[in-house]
Amino acid sequence: SANEGNSGDIAGGRGVSCSSTMHCAAIADVEVDLDTGLVRVKKIVCALVCGRIVNPEGVRHQVQGALIQGVSRTLLEEVKFERGRVTNVDWHSYPILTFPDVPEIETVLLDQPDTDPTGLGELATIPVPAVIGNAIFNATGARLRKVPFTPDRVKVALSQV
């Protein structure tokens, strides 16, 4: 239930997201700081069906990279414009996920040895915004629908619960 993992000003939640057409599912555990709106993804478990797996370790690495990129895009990355020009053109003004904020990642690979490989690079990024959004909702009752889920956007959503 919502707020099940709350402790002080930190709310913990779990979200689920899946796509039957893309053969990918994810579960995420998050913590939401109710005062600052900061969201931290603690763990993501991602299951994929991508046909015959020739190099399982290579697949795992590709999935991990896609998940990390998805978390970064979901929580931090946003191109900003002013008078038709991009204004955040360096690492100070365009934040990305840093090593201390990379969640624990677990991958479940469903091998189909009798089929051709189907590809998987972008596949693991697809459920990330939904799974984080669902986990935030589980933790707080606040529904976010526009990425990135910045602290300011989270605080606005929390104020509407």
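A compact table of results
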quantity: Accessible-area value, Arg52, 1.4 Å probe, nucleic acids and ligands omitted, Å²; calculated: 90 Å²
quantity: Where GluC sites (Glu not before Pro) in DSSP loops with at most 14 other Cβ within 10 Å are excluded, longest remaining stretch of the chain; calculated: 5-77
quantity: Rg/Rg_globular for segment 96-153, with Rg_globular taken as 2.2 N^0.38 Å and Rg from C-alpha atoms; calculated: 1.50
quantity: Surface share of carbon and sulfur [accessible, 1.4 angstrom probe, percent] for segment 83-159; calculated: 55 percent
quantity: Whole-Hz couplings from phi, Karplus 6.51/-1.76/1.60, listed for segment 39-49; x for Gly and Pro; calculated: 10, 10, 8, 7, 8, 10, 10, 10, 10, 9, 10
quantity: Cleavage-rule hits (trypsin sites (Lys or Arg not before Pro)) in segment 83-161: DSSP loop, at most 12 neighbouring Cβ within 10 angstrom; calculated: Arg83, Arg143, Arg145, Lys146
quantity: Student exercise, segment 1-154 dipole from Lys, Arg, Asp, Glu Cβ charges, in Debye to nearest 20; calculated: 460 debye
quantity: Length gained when the stretch Leu110-Arg85 is fully extended (0.36 nm per residue, less Cα-Cα span); calculated: 4.6 nm
quantity: Rg ratio (alpha-carbon, reference 2.2 N^0.38 Å) - the chain; calculated: 1.11
quantity: Rounded to whole Hz, the Karplus (6.51, -1.76, 1.60) HN-Hα couplings of segment 155-161, x for glycine and proline; calculated: 4, 4, 5, 5, 5, 9, 8
quantity: Which of Leu110, Leu38, Cys24, positive extreme of dipole for the chain (C-beta unit charges); calculated: Leu38
quantity: Under-5 Å amide H pairs with Ile10, H placed in peptide plane, nonlocal only; calculated: Leu34
quantity: Whole-Hz ³J(HN,Hα) from phi, Karplus 6.51 cos²θ - 1.76 cosθ + 1.60, for segment 53-58, glycine and proline x; calculated: 9, 8, 10, x, 5, x
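The values are calculated or read from the model by the stated rules, or taken from the named source; none is laboratory data. From a predicted model like this one, the values you see are computed outputs, not experimental measurements. Positions of Cβ are generated from backbone atoms using ideal geometry, with glycine treated the same way; all protein chains shown enter the neighbour counts. Just the protein is used for accessible areas: all its heavy atoms, side chains included, with ligands, DNA and RNA removed. Shrake-Rupley method; radii C 1.70, N 1.55, O 1.52, S 1.80 Å.
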